Amino acid sequence: MSRAPLSLRDLRSLTQARIALGAHGAGLPTAAALSFGLDHARAREAVWTPLDSGAILQALKDQGLEAVEVRSTVADRAEYLRRPDKGRALHPDSAAALEGMGRGFDIAIVIADGLSATAVALNAVPTAAALAERVRRAGWRLAPVVVASQGRVAIGDPIGARLEARAVVVLIGERPGLSASDSLGCYITFAPEPGLPDSRRNCLSNIRQDGLSIEAAAAQMESLLRAMLAQGTSGVGLRRDAGVLQGPAGS
Amino acid sequence: MAFATIIEGTRFTFPDLKSLMAKATPERSGDQLAGIAADGPVERLAAQIALADLPLKVFLAEELIPSEEDEVSDLIARRHDRAAFAPISSLTVGAFREWLLSTTAEPAALAALAPGLTPEMVAAVAKICRLQDLVAIAAKRPVVTRFRSTLGLPGRLSTRNQPNHPTDSSEGILVSALDGLLMGSGDAVIGVNPATDSLPDYIRIVELLETLRLRLGVPTQHCCLGHVTVAIEAMGRGAPVDLVFQSVAGSQKANAGFGVDLAVLREASEAGRALGRCPAGGQFMYFETGQGSALSAEAHWGVDQQTMEARAYAVAREFDPLLVNTVVGFIGPEYLYNGKQIVRAGLEDHFCGKLLGLPMGVDVCYTNHADADGEDMDALLVLLCAAGVNFVITVPGADDMMLNYQSLSHHDAVFARETLGRLPAPEFEAWLREAGVTDAAGRLRSAAGELPGPFAAASRLLPGRAA
């Protein structure tokens, strides 16, 4: 049986890669070139837009969650990108602000801008609320939600240590790609303290509308937290249920 | 040993060789993050002036990282060829730059010199070269390697077709590889970064690429860029492994961070040779490197990132590779902040690799949190073509949606062929014509995505289209 010659365009559904774009000489068609430019502009905007922490705090309150705002030792976005060490350190003023929040919790949730304020604006509060509901049902004691601006993943360590939380969950904007600039990452650390290696964390990534759903992510977080509280560790040493992913800690 | 320069009455001192090297390095965020960079442009120039006066012999007398504690330093010392070094043994770093630019440094002289050069020497001279010097000198040093295609011949540019997929879907990889081949990309290698390091996935990917290669009769090599220990296991099970890949860095501790040492690389190289797929006299090892990887692993010993990168080439050169490329803009703005830093680093890496005798390619790329964009990559591609780069990496539409960064597009390879006259490897060039991808003049016949006869046959590998 003979077959008609295929076009690669018929096969586009097999991958999200930008295949079969067409070309004029070596150039992209105008629409494809501008579409690429728009995706890059969105990604750059996600990186450079400041976190609207006031809006996040209000949204948390609207969900009935107590919240407190802190910041890292980073001065501005340009320094944030150059100095990951400063984005991991808690500003002294913020350390003082945490003093009044009580201590001795089971779980602390930290929302940090990371590399995508867009991801945090869209996905962080609903994710925190879904997790908080599971924490409440599990009978665990939840610390006030901490909103950290100019924060890296490891800023959860000094925050968790100050609050004397048994485990800290950091929800953070992931480095945007061209295809998705709204992915939220989640890093969970048992017995947080400053200076822990990334191998002590467990990670979920790609939490967004077209990725890992908020409800599925919250369920996986709860299962990780249960395992951590039972085993007294996290990261590479944690025995995990099948289906829970261990990803790199990169943000 | 301390070093000093006096500029208009101000004395600048540098307590040791590694601080002199770090402060002489053109500005980049990674050295600033490490706290070893020059305080400003004047101190940097003072360091460069002091470095230019330094005899090359100093690098043989004073190690930046002690051999007793680092097997990469030990390798560099053991492999240094004093006879090859003799023609330049009396030169300073500054005079070496002039020698490299002069007509004395013709291709045969540079090839003969390579075993006499250490990474530290080439890193030092790179620091006092402007971009044009880095291009002009590297262009005089072709490095030719061969498997099924012959790579690095003067006037040619090869490409790695990188058909990544976020979940390693066979169909997704295959259709992306076909897209690249239809644009004429893939003569250096068709190489997939796997999403996982599982042995079954590794074997599935190389078998898929092997089937594609055989169906289309493409004169190229394929590679799954999994960890070298996975490759060793796969070879043990008889998987069709063309190229053995590993990321490497410039210190023993940084390599340990990648889970490798020289011994396991040697084991992998021996296993690859034993497969007998590579023709006698050919090469089959593939290494990736990149400035900042040692600092990222807290394994830089206070040495600047450009020198650490050049030291990674000593590791690569030990194993006679087919391909080496720096992934220059992948690591992020804390190491290379913007387009200017990425462009310079790409040219430095290519220059240092070539002088050390490596078949050097570059992944011309950037991430979305770096202050860089596609126009910086346009500039770097043209500069690298002028410098005679062996190969670049291309992906569909410049967007690697698995690794979440932007590399060059397959279209950019067409640009290099048609505007800059850089032809692919001769075997691949002939195949493109026979397969109907290009016309007699080497131009793309159809960019509309229609599959020529052999491609339509290969597409029957796809689900629902079984032959």
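Taken together, the values in this text are just the output of simple stated rules run on the coordinates, not laboratory data. This is a predicted model, so every value here is computed, not measured. Note that each Cβ is placed from the backbone with ideal geometry, even for glycine, and that neighbours are counted across all protein chains shown.
Per residue of B:405-417, how many C-beta atoms from partner chains lie within 10 Å of its own C-beta, taken as a mean? Each step should come with its number before you reach the end.
Numbers: counts 3, 6, 0, 0, 7, 5, 10, 2, 1, 4, 4, 1, 1.
Per-residue shielding by partner chains comes out at 3.
Mind putting a number on the dipole of the protein assembly as shown about its Cα centre? Charges go on the C-beta only, +1 for Lys and Arg and -1 for Asp and Glu, and I need it in Debye to the nearest 20.
1040
With labels modelled as points extended 7 Å from the Cα through the Cβ direction, what inter-label distance (nm, one decimal) is found for residue A:215 paired with residue A:198?
Reported label-point gap for residue A:215 and residue A:198 is 3.2 nm.
Rounded to a whole number, what is D in µm²/s for the range B:404-443 from Stokes-Einstein with the Kirkwood radius over alpha-carbon pairs (20 °C, 1.002 mPa s)? Write down the numbers at each step before the final one.
Values: Rh = 11.0 Å.
Diffusion coefficient, whole number: 196 µm²/s.
Over the Cα atoms of the range B:3-138, how large are the radius of gyration and the largest Cα-Cα distance (Dmax), in Å?
Considering the range B:3-138 through its Cα atoms, Rg and Dmax are 15.3, 44 Å.
Take peptides B:348-359, A:117-128 and line them up by average Cβ neighbours within 10 Å, highest first, as a rough protection proxy.
On the way: B:348-359: 27.2, A:117-128: 23.8.
The densest-packed peptide leads the list: B:348-359, A:117-128.
Could you work out, residue by residue across A:34-44, how many beta carbons of other chains sit within 10 Å of that residue's beta carbon, and then give the average as an integer?
Across A:34-44, the average partner-chain Cβ count within 10 Å equals 3.
Using the per-residue mean of other Cβ atoms lying within 10 Å as a proxy for protection, in what order, highest first, do the peptides B:134-141, A:144-151 fall?
Taking the mean over residues of other Cβ atoms within 10 Å, the ranking is A:144-151, B:134-141.
Taking residue B:140 as the anchor, which lysines have their alpha carbon closer than 23 Å to its alpha carbon, excluding any fewer than eight residues away along the same chain?
B:127, B:354
Using amide H atoms built 1.01 Å from N in the peptide plane, name the residues 5+ places from residue B:258, or on other chains, whose amide H lies under 5 Å from its own.
Under 5 Å from the amide H of residue B:258: no residue qualifies.
Report, in debye and to the nearest 20, how large the dipole of the range A:51-237 comes out about its Cα centre when Lys and Arg carry +1 and Asp and Glu carry -1 on their Cβ.
360
Could you please state, rounded to a whole Å, how far the C-alpha centre of the range A:50-90 is from the C-alpha centre of the range A:124-152?
Spelled out, the Cα-based centre of one part sits 15 Å from the other.
Counting Lys and Arg as +1 and Asp and Glu as -1, what is the net charge of the other residues whose Cβ lies under 12 Å from the Cβ of residue B:52?
Surrounding charge for residue B:52 is 0.
For the range B:130-143, what does the Karplus curve 6.51 cos²θ - 1.76 cosθ + 1.60, with θ = phi - 60°, yield as ³J(HN,Hα) per residue in whole Hz, taken in order and with x for Gly and Pro?
Per residue, the Karplus-derived 3J(HN,Hα) values read 7, 4, 4, 5, 4, 6, 5, 6, 4, 5, 8, 10, x, 10 Hz.
For the ranges A:66-77, A:183-194, B:235-246, what's the packing order if you count other beta-carbon atoms within 10 Å of each residue, average per peptide, and put the highest first?
Going from most to least packed, we get A:183-194, B:235-246, A:66-77.
To two decimal places, what compactness ratio does chain A give when its Cα radius of gyration is scaled by 2.2 N^0.38 Å?
With N residues counted in chain A, Rg over 2.2 N^0.38 Å equals 1.14.
At a Förster radius of 22 Å, what calculated FRET efficiency corresponds to the Cβ-Cβ distance of residue B:81 and residue B:108, to the nearest 0.05?
On the way: r = 16 Å, r/R0 = 0.73.
Taking R0 as 22 Å, the efficiency between residue B:81 and residue B:108 is 0.85.
Shielding by partners for A:23-30, please: the mean number of other protein chain Cβ atoms within 10 Å of each residue's Cβ.
Taking all residues of A:23-30 together, the mean is 6.
Cα centroid distance between the range B:138-213 and the range A:170-233, in Å?
Measuring centre to centre over Cα atoms gives 33 Å.
Which far-off residues, 5 or more places away or on another chain, put their amide H under 5 Å from the one on residue A:148, with H placed in the peptide plane?
Residues meeting the amide H criterion: A:70, A:111, A:112, A:113.
Within the range A:143-171, whose backbone N sits under 17 Å from a point 7 Å along Cα→Cβ of residue A:61?
The answer is A:144-148.
Tell me the net charge near residue A:64. Cut-off is 11 Å between Cβ atoms, residue A:64 excluded, with +1 for each Lys or Arg and -1 for each Asp or Glu.
Computed value for this residue: -1.
Less than 14 Å Cβ to Cβ from residue B:201, Lys/Arg counted +1 and Asp/Glu -1: what total charge do the surrounding residues give? Write down the numbers at each step before the final one.
On the way: positive: B:204, B:237; negative: B:168, B:197, B:207, B:233.
Summing Lys/Arg as +1 and Asp/Glu as -1 gives -2.
Rounded, prolate or oblate: pick one for the protein assembly as shown, where a ≥ b ≥ c are the square roots of the eigenvalues of its C-alpha gyration tensor, a/c under 1.5 means rounded, and failing that, prolate if a/b is larger than b/c, else oblate.
Here the protein assembly as shown falls in the oblate category.
When the scattering of the range B:87-141 is computed by the Debye formula from its Cα atoms alone, each counted once and equally, what is log10 I(q)/I(0) at q = 0.25, 0.27 Å⁻¹?
At q = 0.25, 0.27 Å⁻¹ the computed log10 ratios are -1.12, -1.34.
According to a simple spin-label model (label point 7 Å from Cα along Cα-to-Cβ), what is the distance in nm between residue B:11 and residue B:298?
With each label point 7 Å from Cα toward Cβ, the separation is 3.7 nm.
In whole Hz, with x marking every Gly and Pro, tabulate ³J(HN,Hα) for the range A:222-232 from phi via Karplus 6.51 cos²θ - 1.76 cosθ + 1.60, θ = phi - 60°.
Result, ordered by residue: 4, 5, 5, 4, 4, 5, 5, 5, 6, 9, x Hz.
Once you sort the root eigenvalues of the Cα gyration tensor of chain B as a ≥ b ≥ c, which label holds: rounded (a/c under 1.5), prolate (a/b larger than b/c) or oblate (the other case)?
Cα axes put chain B in the prolate bin.
Determine the distance separating the Cα centre of the range B:70-134 from the Cα centre of the range B:396-429; give it in Å without decimals.
About 31 Å separates the Cα centre of the range B:70-134 from the one of the range B:396-429.
Which whole-number percent is the relative contact order of chain B (Cα, under 8 Å, 6+ apart)?
For chain B, the relative contact order is 19 percent.
Residues with amide H under 5 Å of residue A:206's amide H, sequence separation 5 or more or different chain, H placed in the peptide plane at 1.01 Å from N; which?
Correct list: A:184.
With every atom except the alpha carbons ignored, what do you get for Rg and Dmax of the range B:96-189, in angstroms?
18.5, 53
Which Cα, out of B:131, B:76, B:104, lies furthest along the positive dipole direction of the range B:30-188 (beta carbon charges, K/R +1, D/E -1)?
Of the options given, the answer is B:104.
Could you run the Karplus curve 6.51 cos²θ - 1.76 cosθ + 1.60 with θ = phi - 60° over the range A:174-186 and give me ³J(HN,Hα) per residue in whole Hz, x for Gly and Pro?
7, 4, x, x, 6, 7, 9, 10, 10, 7, 9, x, 9
Charges on Cβ only, +1 for Lys and Arg, -1 for Asp and Glu, centred on the Cα centroid of the protein assembly as shown; of B:206, B:188, B:356, which one is farthest towards the dipole's positive end?
In the protein assembly as shown, that residue is B:206.
As a quick test, which of the pairs B:23/B:340; B:18/B:253; A:86/B:340 have an alpha carbon distance above 21 angstrom in this structure?
Cα-Cα > 21 Å for A:86/B:340; rest within.
Report the full-extension gain for the segment residue B:215 to residue B:49: residue separation times 0.36 nm, less the Cα-Cα distance, to one decimal in nm. Intermediate values should be presented prior to the final figure.
Values: separation 166, 0.36 × 166 = 59.76 nm, distance 5.79 nm.
The span from residue B:215 to residue B:49 would gain 54.0 nm if fully extended.
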